[in-house]
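A quick write-up on the structure given underneath.
The values are calculated or read from the model by the stated rules, or taken from the named source; none is laboratory data. Model, not experiment: these values are computed from the prediction. For neighbour counting, all protein chains shown are included, and Cβ atoms are generated from backbone atoms with ideal geometry for every residue, glycine included.
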Amino acid sequence: MKKLGGIRTKIALLYSILLFGLASIVLGVIYVSFPQSLSDSEVTQQNVETESGGLSAERLNGFEELLLFEEKVNQNAVEQLRDYILIALAGLLLISLMVGWYAAGIVLKPMKHISFAAREISATDLSKRIALKGPADELRDLADTFDDMLARLDKAFINQREFLEEAAHELRNPLAVLKANLEVVAADPESTIEDYTTASEVASRAADRMGKLVDDLLLFAQHERPDVQRIDLDLEELIQNTVEDFQAEAKSLGVLLDVECDPHLEVVGDPSALRRAFANILSNSIRVSENGKRIHVHAGSDKEMVWISVRDEGPGLVPDEAEKVFDRFWRADQVSAREAGRSGLGLAIVKTIVESHGGRTTVRSTKDVGSTFTIWLPRLLKG
């Protein structure tokens, strides 16, 4: 049972009201004009006015009777016309409602397909699509827009599911290490203080790794959303300050860190987020560099883009690794990375931040020679 407030009912009523209103206006004009037309064409009255000078009294009385008869006939015709118009309007109202209901059904038929398809789509399975056929009209455009939205949601849910699976996998390893060491010590009645101390140290390192992973997960989730702050800024000062912050760490590892930065590197973005992206790349390059090696930071711009490159003399990457280096949880050396508590999210965070600013990240690398990581950002174009 359709509700009275349904869209088909509303469209049918609208069609009916418009059709009935136009017909009423036309028939009303005919009804008003008809008596005047009869008055203008009364034959007896015209003959009387034409021949009144030469008519006898008896003949004149006959014309008057004919005039009264003609007036009565005209009055009856007007009354019959009125009755016919009222009957026609009543029939027209009924017919217009039927036609409006039928026409609305034809127009809204694709909506049934859209509604049925939408009900078939569940929150856990977004692979189905409406795929509405027919002419390229407003309803087809609505269905296509809905399909596009479903595709984006499906992709987002797949990414979220993969992210949760990967995060769970990464957290499972330190948890397993922590649990195994504690269970071994607790189950051995001959465990000494030294055993408990060793287990405590292992548990502490596992907890540190989980803490770092959780911090990186939070950062990654934060930058999956667009950053709130967007201001005009010059990257020259940001780059110089970040390099200065890492000089002590580089020096302690025997790594030489130098910078060459062009002036007027103006972009629109979040300063703290962009600093984090640059710092992650710089920290990664310092980590893979050996004593006595050099890291060169160079920043410049062209007509459209501002770029920041970090070139190291580390172990480099093979082509397959270079393609995956910005993927979540990817690490060249899985074992040593986990032992060091690295989450594999550092460069993924870089990519997410840069892309949220409308830019891109690239890497050029040669095995046993080194790598060059580059951040590209749209340049601020002034009026």
Determine whether segment 120-131 contains at least one residue that is on the phi > 0 side of the Ramachandran plot, not assigned by TED's automatic domain parsing to the domain that holds Ser16 and not aromatic (Phe, Trp, Tyr). yes
Answer with yes or no whether Asp215 is at pLDDT 90 or above and over 13 Å from Ala279 (Cβ atoms). no
Among the residues of segment 282-313, write down those that are part of a strand (DSSP E or B) and either over 18 Å from Glu236 (Cβ atoms) or of a type in the set (Val, Ile, Thr) (or both). Arg294, Ile295, Val297, Val306, Ile308, Val310, Arg311
Go through (1) out of contact with any Gly (no Cβ under 7 Å at 6 or more places or on another chain); (2) more than 23 Å from His357 (Cα to Cα); (3) crowded, with 20+ Cβ neighbours inside 10 Å; (4) small (Gly, Ala, Ser) one by one and return the number of the condition Ser289 breaks. (1)
The condition of being over 27 Å from Leu345 (Cβ atoms) and part of a helix (DSSP H, G or I) holds, among Glu244, Glu249, Glu236, Glu260, only for Glu236
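Yes or no, residue by residue, for (1) at pLDDT below 75; (2) charged (D, E, K, R); (3) outside any helix (DSSP H, G or I); (4) not assigned by TED's automatic domain parsing to the domain that holds Thr352:
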position: Asp141; (1), (2), (3), (4): no, yes, no, yes
position: Asp147; (1), (2), (3), (4): no, yes, no, yes
position: Leu171; (1), (2), (3), (4): yes, no, no, yes
position: Leu178; (1), (2), (3), (4): no, no, no, yes
position: Asn181; (1), (2), (3), (4): no, no, no, yes
Among what's in segment 307-317 and is touching a residue at least 60 places away in the same chain (Cβ under 8 Å) and farther than 16 Å from Asn291 by Cα, pick the residue that is surrounded by the most Cβ atoms within 10 Å (Cβ to Cβ). Ile308
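Only one of Glu260, Glu304 is modelled with pLDDT of 85 or more, within 20 Å of Gly370 (Cβ to Cβ), in the same structural domain as Ser356 (by TED's automatic domain parsing) and surrounded by fewer than 14 Cβ atoms within 10 Å (Cβ to Cβ). Can you tell me which?
Glu260
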Filter result (surrounded by fewer than 22 Cβ atoms within 10 Å (Cβ to Cβ) and in contact with a helix residue (DSSP H, G or I) (Cβ under 7 Å, 6 or more places away or on another chain)) within segment 347-356: Ser356
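Yes/no matrix, rows are residues, columns are (1) under 30 Å from His264 (Cβ atoms); (2) acidic (Asp, Glu); (3) in a loop (DSSP other than H, G, I, E, B); (4) at pLDDT 90 or above:
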| site | (1), (2), (3), (4) |
| --- | --- |
| Gly341 | no, no, yes, no |
| Gly344 | no, no, yes, no |
| Ile349 | yes, no, no, no |
| Ile353 | yes, no, no, no |
| Val363 | yes, no, no, yes |
| Ser371 | yes, no, no, yes |
| Ile375 | yes, no, no, yes |
| Leu380 | yes, no, yes, no |
Go through (1) at pLDDT 90 or above; (2) surrounded by fewer than 19 Cβ atoms within 10 Å (Cβ to Cβ) for Glu323 and report which single condition fails. (1)
In segment 1-34, how many are modelled with pLDDT under 75 and surrounded by 15 or more Cβ atoms within 10 Å (Cβ to Cβ)? 0
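Yes or no, residue by residue, for (1) of a type in the set (A, V, I, L, M); (2) modelled with pLDDT of 80 or more:
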| residue | (1), (2) |
| --- | --- |
| Leu66 | yes, no |
| Ile87 | yes, yes |
| Val99 | yes, yes |
| Ala103 | yes, yes |
| Leu108 | yes, no |
| Lys112 | no, no |
| Arg119 | no, no |
| Ser122 | no, no |
